[in-house]
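Okay, structure first, notes after.
The values are calculated or read from the model by the stated rules, or taken from the named source; none is laboratory data. As the structure is a computational prediction, the values presented were derived from the model and not from experiment. Here Cβ is always computed from backbone atoms with ideal geometry, including for glycine, and neighbour counts include all displayed protein chains. SASA here: full protein model, heavy atoms, side chains in, ligands and nucleic acids out. Shrake-Rupley method; radii C 1.70, N 1.55, O 1.52, S 1.80 Å.
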Amino acid sequence: MTIGIDKLGFYSPSYIIDMRELANARGIEPDKFTIGLGQDFMAVPPITQDTITLGANAAHTILTDEDKQSIDLVILATESGIDYSKAGATTVHSLLGINPSARSIELKQACYAATAGIQLAKNHIASNPGKKALVIASDISRYGLNTAGEPTQGAGAVAILLSENPKLIALDDATSYHTEDIHDFYRPMYSDVAIVDGKYSNDQYQHFFETTYTNYLSKTQRTLNDFKSLCFHIPYTKIGLKALKSITEDKTLIDRYVKSTHYNRMVGNIYTGSLYLNLLSLLHKVDLEANDRIGLYSYGSGAVAEFFSGTVQEGYQDHLQVGLDEALSKRTLLSIKEYEAMYNQSLVNDGSHQVLDTKKDDAHFQLSEVKHHQRFYISK
């Protein structure tokens, strides 16, 4: 049975800031952000968008009624969860109108969780022929204003529909994974921003890549020549380029990687979805052929990493998300003052009633109010 990625959908908030303007506002040379980090814009979420709405909006762009009836597993992968107990997947499931005879769960392991969800979903489909699984990677990356991590913030979600006989990517069975208990990046339950040791985290990212990639090659007896392109978890695009250059100077692979960072450069860090936004960019921006093998490196601080692969399917171009570039081009550019004001907005946390202004948000799904410690959503 061939199982893999049938559809990919992406949604990012309709507000952005220019990284050069942010650099100037912080007294930093702009090239340090646009070249040093490899980022051009950062998506900024309004208060009416959270991990639930981002994920539902991403899935809404790709799911048909037939998909919704065939899906019997919904996984929300996030490190920006809104409840310690209740899985956000149940709300996403409800908003999308998916078949009620389904499992719905939330997974957490920093930026790695979506990959864990994909592997779980792959095994689920193998045991349940004819069924589909929806994995959503949805996050809001926050480090705080005027902090070292500020330029690697962002927001967005990638919806991944898995099925038999997929239209985009058939996943290989071989995979390599690695775990170590480290503290390169984390967010204690009492903090609404992440804590990161930047240099240490970058070093561990590289160490885990070398470990999983080497082990994958050993398991499969494949070589770098078996890959037409490699995708990476990229909180900022330069980190993936550095990892790629650690194993090759092949100009074609490097050029393909640079092209495949297009959407990541326009959105910023979306944590669990960053690898899959890189893959989506690759499929949209690089000409590939049927059976081209793509290597994928997934990393989640704390830390878990996995290197796996898949092959491009015949006619994949006909099944890509429509209108993505147009939607991203229509986003509203904020001034730094407007961005800071939006960043500082917050939801009540005392059980009181808060009604949100949804007029400035053009998304299909929105957070409309908070009441009695519950969030209420609307669709437009």
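Some notes on this structure:
- Top-ranked residue in the stretch 1-30 [being hydroxyl-bearing (Ser, Thr, Tyr) and not in a strand (DSSP E or B); ranked as surrounded by the fewest Cβ atoms within 10 Å (Cβ to Cβ)]: THR2
- Counting the residues of the stretch 287-314 that are hydrophobic (A, V, I, L, M, F, W, C), assigned to a loop (DSSP other than H, G, I, E, B) and under 16 Å from ALA116 (Cβ atoms) gives 1.
- Residue, most open to solvent (accessible area, probe 1.4 Å), within the stretch 76-99, restricted to residues that are part of a helix (DSSP H, G or I) and among the polar types (S, T, N, Q): SER94
- For the stretch 31-75, a residue qualifies if it is buried (at least 22 other Cβ atoms within 10 Å of the Cβ) and in a helix (DSSP H, G or I), and the qualifying residues are PHE33, THR51, ILE52, THR53, LEU54, GLY55, ALA56, ASN57, ALA58, ALA59.
- Residue match in the stretch 255-264 (condition: in contact with a Cys (Cβ under 9 Å, 6 or more places away or on another chain), part of a loop (DSSP other than H, G, I, E, B) and either open to solvent by less than 10 Å² (accessible area, probe 1.4 Å) or hydroxyl-bearing (Ser, Thr, Tyr) (or both)): yes
- The stretch 316-361: number of residues that are without any contact (Cβ under 8 Å) to a residue 60 or more places away in the chain and hydroxyl-bearing (Ser, Thr, Tyr): 2
- In the stretch 189-220, of all residues being within 20 Å of the chain's Cα centre (by Cα) and over 17 Å from ILE234 (Cβ atoms), the one that is least open to solvent (accessible area, probe 1.4 Å) corresponds to VAL193.
- Taken over the stretch 294-304, residues that are more than 16 Å from LYS219 (Cα to Cα) and either open to solvent by 10 Å² or more (accessible area, probe 1.4 Å) or among the hydrophobic types (A, V, I, L, M, F, W, C) (or both) amount to 5.
- Any hit, the stretch 113-123, residues being of a type in the set (D, E, K, R) and surrounded by 24 or more Cβ atoms within 10 Å (Cβ to Cβ): no
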